[in-house]
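Single-structure report; data block below.
The values are calculated or read from the model by the stated rules, or taken from the named source; none is laboratory data. Quick caveat: nothing in here was measured; it's all calculated off a predicted structure. Every residue, glycine as well, gets a Cβ built from its backbone with ideal geometry; the counts of neighbours run over all protein chains shown.
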Amino acid sequence: MIDVEQLTNPEVQALVKAINAGDRLAFSEALTADATMTDDGTQRDLMPWAEREIFASHGHLDVESETDDGLTLIARYRNDTWGEMRTTWRFTVAGGLISRFDTGQA
């Protein structure tokens, strides 16, 4: 596993830290105001999705690898709802914040 502190993209690092800390404020501050996301190819309303899939269910990312200058992660994601699964996370950065991410099973 890759230590979060070793992730090469600072915006991605900030978002992963927020997820793992259960920090809603840091999560929202890492995103653009109009950030979007997909889960397994389906467009989702980001903040309600994050509340359900990350914060209310104690989501946590253990990063296995990163590529694409740190914008793509393979990670073991777990939460209280779904257990643990191997996932892919792809990020788009704009103006120093995450403007989009796409996640799904790897």
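How do the helices (runs of 4 or more DSSP H) wholly within segment 1-51 filter down when requiring 1 or more residues that are of a type outside the set (A, V, I, L, M) and exposed (fewer than 11 other Cβ atoms within 10 Å of the Cβ): which remain? Explain how you work it out, then say what you get.
Details: elements: 10-21, 24-29, 46-50.
Helices (runs of 4 or more DSSP H) meeting the threshold: 46-50.
For segment 81-106, enumerate the residues that are exposed (fewer than 14 other Cβ atoms within 10 Å of the Cβ) and within 19 Å of residue 40 (Cβ to Cβ). Break it down stepwise before answering.
Quick first cut of segment 81-106, residues exposed (fewer than 14 other Cβ atoms within 10 Å of the Cβ) only: 81-86, 94-96, 105.
Selection gives 81, 82, 83, 84, 85, 86, 105.
Which pairs have Cβ atoms under 7 Å, sit 6 or more apart or on different chains, and link a residue in segment 17-38 that is at pLDDT 95 or above to one that is part of a helix (DSSP H, G or I) and β-branched (Val, Ile, Thr)?
17/4; 19/54; 20/4; 27/19
How many residues are closer than 17 Å to residue 22 by Cα and either in contact with a helix residue (DSSP H, G or I) (Cβ under 7 Å, 6 or more places away or on another chain) or crowded, with 18+ Cβ neighbours inside 10 Å (or both) if we restrict to segment 62-74?
To start, the set of residues in segment 62-74 that are closer than 17 Å to residue 22 by Cα comprises 62-63.
With the extra rule that they be either in contact with a helix residue (DSSP H, G or I) (Cβ under 7 Å, 6 or more places away or on another chain) or crowded, with 18+ Cβ neighbours inside 10 Å (or both), the set shrinks to 63.
Number of matching residues: 1.
From the set of residues in segment 81-96 that are under 15 Å from residue 50 (Cβ atoms) and not aromatic (Phe, Trp, Tyr), which is modelled with the highest pLDDT?
Going through the qualifying residues, I end up with 87.
Looking at segment 71-80, can you tell me whether even one residue there is farther than 17 Å from residue 105 by Cβ, at pLDDT 95 or above and within 12 Å of the chain's Cα centre (by Cα)? Break it down into steps so the answer makes sense when it comes.
Taking segment 71-80 and keeping what is farther than 17 Å from residue 105 by Cβ, we get 71, 80.
Checking the rest, the ones that are also at pLDDT 95 or above come to 71, 80.
Add one more test, that the residue is within 12 Å of the chain's Cα centre (by Cα), and what stays is 71.
Among the residues of segment 71-80, at least one is farther than 17 Å from residue 105 by Cβ, at pLDDT 95 or above and within 12 Å of the chain's Cα centre (by Cα), which makes the answer yes.
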